[in-house]
Amino acid sequence: MDPGDPTAGDPTAGDPAGDPAGDPAGGQDPLLFLQALQPLWSTRELRQQLREEAWRGFAALDNPLAGLLDMLEGSRGWQGKDPSLEAWVTCELQRWLQAKPRPGRAQCSLGLKELQARAVRVLAESPPSLAGPLVSIFQLQDADRSPLLAYVRRLHQEGKFKEAVMLSTKLKLQPELDVEKMGTPLLLQDKVNLVERYVDGFPDLQRRLLVLMDSWCQPDFDIRVVARQHPKVTSLKLEKLSPKVLSRQVLHLLERFGLDPALCPNVVAQQRLAALRYLCYKRFVERSMSQENWADHVQDLVGQNEWLQEQLLKLLTSHSDTATAAQCALDLSLPEARLPATVAAELSRLRLQERMAEAPFEDRRDDYYQLPVTRENVHFLASWEDLARHEEELLQPGLVGVDLEWRPSFGTGGRPQVSLMQVAVEGHVFLLDLLVLSQTSQAFSQLVLRLLSDPSITKLGYGMAGDLRSLGASCPALAHVEKQLRGSLDLQQVHRQMRVVDMPAPSVDGTKGPRGLSLLVQQVLGKPLDKRQQLSNWDRRPLSEAQLVYAATDAYCLLEVYRVLCRDPTRFHLSEDLAKSLRPGRSQRPGAREQPSQQEASALPQQVPVAEGEDTTPEIQARAFRVVCDSMLQGLARSLRCLGVDVLVLGTGEDHRRAAEVARQEGRVILTSGLPYHKLRAQVRAGRCLSVDCSLKARQQAKAVLRHFNVRVTHADIFSRCQACNCDQYLKVSKDMMKQLMGLSGHQESPSNTGDEDAQSEDAQEPGSAPAEAPGGSTYDPPCRWLEASDLQASVPGTLGNGTRLQLAGVPVGVLRRPGLRHFYCCTGCGKVFWEGSHLGRVTANFHEVLERPPAPASPASSPS
């Protein structure tokens, strides 16, 4: 096919012997080759014919390599990201050379060096997809590396940093180039992924790169100094090179290449500092770690690193008093010369005395859920003989709670290794020492696999998927145990579907309160778990008594939570399907059969009926329920008053101890949050102080309080009390009387009070406006007497006899023209005026879960007199 022939576009015409492109040495333009193939390229159905035409064209060329370069140098369409005809031709030439080597190909190598030099320039501008074909076609991996290196360096000098790195990566030139010089410009441009590919496969370069990046993470390092040394670097993104971001990148590369953390002392130190901050928060703010556990972890983190010791001292002085800081310095053997003078003086005093006793807050046993199993029934199993002795109990069909513990690494190491596996059955807890059993006993793995795969044993856990992954990582024989799990129930999934607003999580010393399993236990069983041993050293042997009790409790509480949920799922607003799935004898694995087998049903505990009066709180009427609220709970106070509850609120800045005085004198319940809770609950009888979850909205808080104290709210209670002042005495005012009062008080109608004012007036006084109709058809009309002239002061218009001035200015004039509006209500305590509006409908909808359902009307409703 002759490119100059008019029939060149017809794939059925022409002579194959005269195929396109011809011999570039013969003077033909290689671009004609593309022109001849273009009609076939544009039609997908003719691609196979295009390949045949291209291969015939390659066979007709004396030097197809030179022809390819002529074509690529003369056309720029192949440089884009999308597939092009030129790129396709390059790939096809590679396939042709690999599939049909011929004697004439040796002639192509006569001028190979000259072709390789040209190919290097083309390669520098090629997309990544063409790197392989071009390197293969021109054998660039075997070419003289001197011109290649010279060309890469020239690209780098010209500021083409990305092109230089990509080309050297394609040609495997990295060992002969300076990794700092090549990588620094790209790191400054936030192209760490490109640098990562550059050093991939070269451990020495990886180590040098990590050392470089770690040097940028040292304290007080200014990355702008590096940037000024590379003026040709454009599009700087220095804000993305903060020590925190760089540390994450270094840690990623450290894990990616499996290198020694000792290469990154600055990053490791920063990581350890973050862990120290977390530990100090847990110890001194949350107060959820014992001094022993805290000191154990801190000692491992700090060691003899002077910089970390200095940072720890700063944390101690900012989080604790001098005595505590000195005690910590003593426990950790910190150098006395580096201590502040006051701490050093206190330390000297401590050395002359016995070690300080644990702080008072360590003894709070009554605040937490207690293990209902005697210590003699908590068994620590550290050998196969121990396991064999209790094998029958471990594998008995029924209900078991499963949990795991491992030593926390605080992000400073790799994946943690599981130290302990807890298995709880009725009346017993077995603690399996994985540090010994997983390494020395194959029978251990087989026993655990039998336990987890037996569908007649219902395994209860909290976050089971993550626990089983950790178990598999720690014990290779159990690497795929998650896939073999049968008959399990993850209570974390149940917890996510529960709606528990009647039992807010208590805040402890200003913290956010229990979380995870501890929160579930608190919501279901009444008290949270004591998590002070959670971050202890679980690799230590022997385990302390506190650790053993903690581990046993974490597993056994699952059994008790499960039983309560089975007994009363509606209390926790679980869906019907989920409530059914909770019933004992049900398998929770995906795709489980609808009905359990007879063996499973008989093996699992049956549903326990609720005894009459069990776990119930005496019901109290809303109007008889009296509380005193913290000043920070104003929204909760308004919501409770809206439902008829008698609520007093502390004034802003008023001492919290005043709440205890009022509660004792008037028989009120204290509602508070945060630190005051622990101070106030000790001053009143048990159950008379409740910590409210401040993360909930006021409406949710109100529901929680009502459910917690079993308060009965009826529709008649709504708006029976003034939300503004808590008064429950109203006077009913006719529309005519209101017009007269507003006229006497100088309330004049203005142009703005006409037109659409009626439509807007319903909500003008919200949340004070009263609704027109209550559910069930009855019109809202609280019991109160009509306002009479004798109730007003003659000398002061709009003022009640008790001195309360009616808030008439808050009543839009347009309300008086509303058809159907019968009368108004005036609070005798603050003078606020209410009228019939739409607010009751919203209140009823918002609190429908706690409202007693009204009786159905026997006849069409009528307005009471």
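The values are calculated or read from the model by the stated rules, or taken from the named source; none is laboratory data. All figures in this text were calculated on a predicted structure; none of them were measured in a lab. So basically every Cβ, Gly included, is an ideal-geometry build from the backbone, and we count neighbours across all protein chains shown.
Summary of values
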read-out: Top-ranked residue in the stretch 262-285 [being surrounded by fewer than 18 Cβ atoms within 10 Å (Cβ to Cβ) and farther than 17 Å from residue 408 by Cα; ranked as farthest from the chain's Cα centre (by Cα)]; value: 262
read-out: So residue 205, is it assigned to a helix (DSSP H, G or I) and either within 21 Å of residue 156 (Cβ to Cβ) or in the same structural domain as residue 272 (by TED's automatic domain parsing) (or both); value: yes
read-out: Filter result for residue 426 (touching a helix residue (DSSP H, G or I) at 6+ places or on another chain (Cβ under 9 Å), surrounded by 15 or more Cβ atoms within 10 Å (Cβ to Cβ) and among the charged types (D, E, K, R)); value: no
read-out: Any hit, the stretch 367-377, residues being in contact with a Ser or Thr (Cβ under 8 Å, 6 or more places away or on another chain) and modelled with pLDDT under 90; value: no
read-out: Tabulated pairs, the stretch 682-711, first over 14 Å from residue 670 (Cα atoms), second of a type in the set (Ser, Thr, Tyr), C-beta under 6 angstrom, 6+ apart or interchain; value: 694/673; 698/639; 699/639; 710/617
read-out: Number of the condition not met by residue 240 [criteria: (1) assigned to a helix (DSSP H, G or I); (2) at pLDDT below 85; (3) under 18 Å from residue 311 (Cα atoms)]; value: (3)
read-out: Near pairs, Cβ below 9 angstrom, 6+ apart or cross-chain, from the stretch 443-464 (outside the structural domain of residue 399 (by TED's automatic domain parsing)) to any residue that is outside any helix (DSSP H, G or I) and not charged (D, E, K, R); value: none
read-out: Sole residue being under 16 Å from residue 632 (Cα atoms) and not hydrophobic (A, V, I, L, M, F, W, C), chosen from 730, 677; value: 677
read-out: Every residue from the stretch 650-668 that is touching a residue at least 24 places away in the same chain (Cβ under 8 Å), of a type outside the set (Gly, Ala, Ser) and either surrounded by 17 or more Cβ atoms within 10 Å (Cβ to Cβ) or within 26 Å of residue 703 (Cβ to Cβ) (or both); value: 656, 662, 666, 668
read-out: Given (1) assigned to a loop (DSSP other than H, G, I, E, B); (2) of a type in the set (Lys, Arg); (3) free of Cβ contacts under 8 Å to residues at least 40 places away in the same chain, number of the condition residue 721 does not satisfy; value: (3)
read-out: Condition broken by residue 829, with the remaining ones in (1) closer than 25 Å to residue 699 by Cα; (2) buried (at least 21 other Cβ atoms within 10 Å of the Cβ); (3) modelled with pLDDT of 80 or more satisfied; value: (2)
read-out: Subset of the stretch 615-639 that is assigned to a helix (DSSP H, G or I), modelled with pLDDT under 90 and aliphatic (A, V, I, L, M) - its residue that is farthest from residue 696 (Cα to Cα); value: 624
read-out: Residues of the stretch 57-85 satisfying the condition of being under 49 Å from the mean Cα position of the chain (by Cα) and either at pLDDT 80 or above or part of a helix (DSSP H, G or I) (or both); value: 77, 78, 79, 85
read-out: Residue check, residue 225 farther than 28 Å from residue 314 by Cα, of a type in the set (A, V, I, L, M) and part of a helix (DSSP H, G or I); value: yes
read-out: Any hit, the stretch 244-252, residues being part of a loop (DSSP other than H, G, I, E, B), outside the structural domain of residue 299 (by TED's automatic domain parsing) and in contact (Cβ under 8 Å) with a residue 40 or more places away in the chain; value: no
read-out: Near pairs, Cβ below 7 angstrom, 6+ apart or cross-chain, from the stretch 480-500 (touching a residue at least 12 places away in the same chain (Cβ under 8 Å) and in the same structural domain as residue 450 (by TED's automatic domain parsing)) to any residue that is in a helix (DSSP H, G or I) and among the small types (Gly, Ala, Ser); value: 481/472; 482/465; 482/472; 484/453; 485/453; 486/453
read-out: Pairs, first in contact (Cβ under 8 Å) with a residue 24 or more places away in the chain and assigned by TED's automatic domain parsing to the domain that holds residue 149 in the stretch 114-125, second among the polar types (S, T, N, Q) and assigned to a helix (DSSP H, G or I), C-beta under 8 Å, six or more apart; value: 125/79
read-out: Evaluation of residue 98 against (1) surrounded by fewer than 17 Cβ atoms within 10 Å (Cβ to Cβ); (2) modelled with pLDDT under 75; (3) closer than 18 Å to residue 58 by Cα; (4) not basic (Lys, Arg) (one fails), failing number; value: (2)
read-out: Scope the stretch 444-468; condition of a type outside the set (A, V, I, L, M) and within 14 Å of residue 554 (Cβ to Cβ); matching residues; value: 461, 462, 463, 467
read-out: Restricting the stretch 437-463 to residues that are assigned to a helix (DSSP H, G or I), surrounded by 15 or more Cβ atoms within 10 Å (Cβ to Cβ) and at pLDDT 90 or above, the residue that is farthest from the chain's Cα centre (by Cα); value: 447
read-out: Residues located in the stretch 503-531, provided they are under 20 Å from residue 636 (Cβ atoms), of a type outside the set (A, V, I, L, M, F, W, C), in a loop (DSSP other than H, G, I, E, B) and modelled with pLDDT of 50 or more; value: 512, 513
read-out: Number of positions in the stretch 709-743 that are within 41 Å of the chain's Cα centre (by Cα), surrounded by 18 or more Cβ atoms within 10 Å (Cβ to Cβ) and of a type in the set (Gly, Ala, Ser); value: 0
